[in-house]
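Note sheet for the following structure.
No value in this document is a laboratory result; all are computed from the given coordinates. Since the structure is predicted, the reported quantities are computational estimates derived from the model, not experimental observations. Glycine gets a Cβ as well: all are built from the backbone with ideal geometry, and neighbour counts include every protein chain shown.
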Amino acid sequence: MTRRLVLALAGIAVGVHGVAALFEDTPELPAVDHARSAHQLPIGETLSLDALGPIVVKEDGTTFRISNWNEMNDKEKQGTLRMVKKRNAERIAALQRQHL
C-alpha cells in the first residue's frame, strides 16, 4: 500500500510526464568487475587473516575483532594477544561447561 501511495504522489508531482520521468536523471551504479573485486580461493587452499587481529570470544559466545588492531604497535599487540588467548580459553571452557 505504501508503494502505491508513493507512486500515486509521484504521478501527481510529475503531472503529464509520467512517473518514468522522475528516474531519467538518476545515475546508475558503476558496473562491478567481479574478477577484481573478490579474491577467489581454490578449494583446499587457505588464506591468513592474521592482519585483522585475533578473534575475541565474549561471555555469551559471540565473537568480534579488536577494531584498532592495525593501529597498535608490536608490544601492544603481543600483550593484547596474550590477554585475549587467556580470556578466550576461560570463556570457551565456561561455555562448554554450561552446555554439558
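List Thr46, Thr80 from most exposed to least, where exposure is judged by having the fewest other Cβ atoms within 10 Å.
By the 10 Å Cβ count, ascending: Thr46, Thr80.
Which shape class applies to the range 50-98: rounded if a/c is under 1.5, otherwise prolate when a/b exceeds b/c and oblate if not, where a ≥ b ≥ c are the square roots of the Cα gyration tensor eigenvalues? Here the range 50-98 falls in the prolate category. Taking 0.36 nm per residue of separation and subtracting the current Cα-Cα distance, fully stretching the chain between Arg82 and Gln96 would add 2.9 nm.
List the aspartates and glutamates whose Cα sits under 12 Å from the Cα of Lys77, skipping any in the same chain fewer than 8 residues away. Partners within reach: Asp50.
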